[in-house]
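The structure under discussion appears below in the form of structure tokens.
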């Protein structure tokens, strides 16, 4: 009998918590109307924790995260909304937000590739040059006779340095160039115009 009462108590508590979902959604919408996107996001997140089955929660979370510049989280939430509510009338706005965040994410990846490629190339170039000099003109590094072990070592050591250096230089330059193109392609973007009363589209040019 005691176990039955415990189960009833758990069920009633869960029901009461689910009943709070509309309250937190309404609170989040009030924060959106006031332009308080971070506090709105916190309210929507609390609603999600109370009832994770509501598609509207993921739309509101995605919209708030996009406004806050958290595009990685926004992409996840808006994809969940699109999956759970494909016929929702807010789908055009969700699609615009998804496109906007994809382009923001592309620029982030492009910047990372550009920086990573430049760093890799800067490490590879000295190895390539130093190894090539060591392998091609070993006599300048050795003062002994032709049988000096130094001469015999310089060629393989030079190649060991030059070959990885050449690979790192080529890979770094390729990565940096691809990153630069990705950033350039994202300069003209379709960006969402987000407000408390709805959304729209605008074309923005980023430099």
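The values are calculated or read from the model by the stated rules, or taken from the named source; none is laboratory data. Keep in mind that this is a model prediction, so the values were computed, not measured. Here Cβ is always computed from backbone atoms with ideal geometry, including for glycine, and neighbour counts include all displayed protein chains.
If the condition is being over 18 Å from residue 89 (Cα atoms) and touching a residue at least 40 places away in the same chain (Cβ under 8 Å), then the stretch 49-67 contributes 66, 67. Is it true that some residue in the stretch 82-91 is at positive phi, assigned by TED's automatic domain parsing to the domain that holds residue 26 and either at pLDDT 90 or above or out of contact with any helix residue (DSSP H, G or I) (no Cβ under 7 Å at 6 or more places or on another chain) (or both)? No, the stretch 82-91 has no match at all. Just one of the listed residues (50, 75) is surrounded by 19 or more Cβ atoms within 10 Å (Cβ to Cβ) and under 17 Å from residue 97 (Cα atoms), namely 75.
Flag: residue 144 matches the condition of being more than 30 Å from residue 35 (Cα to Cα), modelled with pLDDT under 70, over 26 Å from the mean Cα position of the chain (by Cα) and surrounded by fewer than 16 Cβ atoms within 10 Å (Cβ to Cβ).
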